[in-house]
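S.K.: Here it is, the structure in full.
Values in this text are rule-based calculations from the coordinates and carry no lab data. None of these values were measured; they are calculated from a predicted model. In this analysis, Cβ positions are derived from the backbone assuming ideal geometry, glycine residues included, and neighbour counts consider all displayed protein chains.
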Amino acid sequence: MAELGLAIDGRAPLKDIAAQAQVAEAGGASTLWIACHLFLRDPVTTAALALAATKRIKVALMAMSPYSTHPVYIAMAAASLDEIHPGRVILCLGAGAPADLKAAGIDSAHPLVAIGEAVKICRQLFAGEMADVDGRMFKVDGNGGRNIPLVIAASRPNMLKLAGRQTDGVLISAATSPPFVKACLEQAGAGRKSCIVSTRLGPPDAIRRPIGFVLRGAHHAENIRLGGASLDQQALAAAYAAENWAEVDRLVSDDVVRRHAACGTPQEVRARIDEYRAIGLDEVVLGGLDDASAIASTLKAINR
């Protein structure tokens, strides 16, 4: 059976991270995936707090982007955490959310090239080899040495194939429908396969906006098509830009939530997580749980 992980998205106050990490560990979660969302809390600081507060659970720096942070610095951050907590750190690379990068004035051209070169740099540094890369995006000459698993956040065919060829696994985005996840796994090849599943015990109201935040991106068009929901992405993006929350809630209907999340009674959530597990994932990562009590009750419901 696939393991359970937990995603921390950067919205919770840092003072709450220790409690969230401890509850996740006590509830049997295998990994804390610490998101790197621009304009929210720093994932490296968050990861350090989570690691210091726990004993066994692994922590992944999730979708660190070579566009916003140089690959050498990304490798330095992961290696520094691993020095204090050996064997408990995972590095996940990803291009980052296009809308957030654009808002920060960051060009994100040639993502396949950028991620491929970042993987090479981090791999060489973690292996203690001289990182001698003279690429299209990055030029590096240095050395290091840590044994840290490396995965790629991916949802498009070429990036999925890159993850299968050159890294230890793939992480698939939140708000992805089971048919889309299945299609991704068929393209990802070898390696460990994880997926974030937006999860909430109770009615769908509290989960509409986090799901909509993800699905507003044009790169989720295929995800929505395969999932079978009716969703106007352009209207959703415009509603977010205008902070028209009533319109966001209207567009992210109950049907959209049903197709792109695990939400409802404990039995319904458990059945939905089992549906994702049956696809062939090694780890189902619970997303959208924003406090320690929600984490504890949801893990208990799923593990019952």
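S.K.: What does the highest-first list of 62-69, 160-167 look like by mean Cβ count within 10 Å?
M.R.: Descending mean neighbour count gives 62-69, 160-167.
S.K.: Could you tell me how many degrees, from 0 to 90 and to the nearest 10, lie between the Cα long axis of helix 266-278 and the main elongation axis, the longest principal axis, of the Cα atoms of the chain?
M.R.: It works out to around 40 degrees.
S.K.: Under a plain spin-label model, where a point goes 7 Å from the Cα along Cα-to-Cβ, how far apart in nm are GLN267 and VAL113?
M.R.: For the pair GLN267/VAL113, the computed spacing is 5.5 nm.
S.K.: Further, regarding this structure: Run the numbers for LEU38 and ALA127: contour at 0.36 nm per residue of separation, minus the present Cα-Cα distance, in nm. Before the final figure, lay out the partial values.
M.R.: Values: separation 89, 0.36 × 89 = 32.04 nm, distance 2.89 nm.
29.1 nm is the gain from fully extending LEU38 to ALA127.
S.K.: Please list 3J(HN,Hα) in residue order for the stretch 53-65, calculated via the Karplus relation 6.51 cos²θ - 1.76 cosθ + 1.60 where θ = phi - 60°; whole Hz, with x for glycine and proline.
M.R.: 8, 10, 10, 10, 4, 7, 10, 10, 6, 9, 6, 5, 9
S.K.: Express the relative contact order of the stretch 3-303 as a whole percentage, based on alpha carbon pairs under 8 Å and six or more residues apart in sequence.
M.R.: In percent, rounded to a whole number, it is 18.
S.K.: What are the ³J(HN,Hα) couplings of the stretch 101-113, residue after residue, when phi is run through the Karplus curve with 6.51, -1.76, 1.60 and θ = phi - 60°? Round to Hz, x for glycine and proline.
M.R.: 4, 4, 5, 8, x, 9, 6, 10, 6, 6, x, 5, 5
S.K.: Beta carbons within 10 angstrom, averaged per residue: use that to sort the peptides 10-16, 236-242, 112-118, highest first.
M.R.: 112-118, 236-242, 10-16
S.K.: Relative to the longest principal axis of the C-alpha atoms of the chain, give the angle of the C-alpha long axis of helix 292-303, reported between 0 and 90° and rounded to the nearest 10°.
M.R.: So the helix axis and the longest Cα principal axis differ by about 80 degrees.
S.K.: Divide by every residue of the chain the summed helix terms, -39500 (n - 2.57) for each DSSP H run of at least 4, and state the resulting mean residue ellipticity at 222 nm, rounded to the nearest 500 deg cm²/dmol.
M.R.: The helix-only estimate for the chain comes to -14000 deg cm²/dmol at 222 nm.
S.K.: Between TRP33 and residues 5 or more places away or on another chain, which pairs have amide H atoms under 5 Å apart, with H built 1.01 Å from N, and which residues are they?
M.R.: LEU6, ALA7, ILE8, ALA60
S.K.: Need one number: nm distance between label points at ASP16 and GLN166, each 7 Å from Cα along Cα→Cβ, rounded to one decimal.
M.R.: 3.7
S.K.: Right, next: Place a +1 charge on the Cβ of each Lys and Arg in the chain and a -1 charge on the Cβ of each Asp and Glu, then give the dipole magnitude about the Cα centre in debye, rounded to the nearest 20.
M.R.: Details: 32 positive and 31 negative charges, 94 e Å.
That gives the chain a dipole magnitude of about 460 debye.
S.K.: Sticking with this one: Once the dipole of the stretch 159-304 is set up with Lys and Arg at +1 and Asp and Glu at -1 on Cβ about the Cα centre, which of LEU185, HIS219, ALA238 lies farthest towards its positive end?
M.R.: The one lying farthest along the dipole's positive direction is LEU185.
S.K.: Only four residue types carry charge here, +1 at the Cβ of Lys and Arg and -1 at the Cβ of Asp and Glu. Report the dipole size of the stretch 185-304 about the Cα centre in Debye, rounded to the nearest 20.
M.R.: On the way: 15 positive and 16 negative charges, 61 e Å.
Rounded to the nearest 20 debye, it is 300 debye.
S.K.: Give me, ordered by chain and number, the residues 5 or more places off VAL197 or on other chains with an amide H under 5 Å from its own placed amide H.
M.R.: VAL285, LEU286, GLY287
S.K.: Angle between the Cα long axis of helix 178-188 and the longest principal axis of the chain, 0 to 90 degrees, nearest 10?
M.R.: The angle comes out near 20 degrees.
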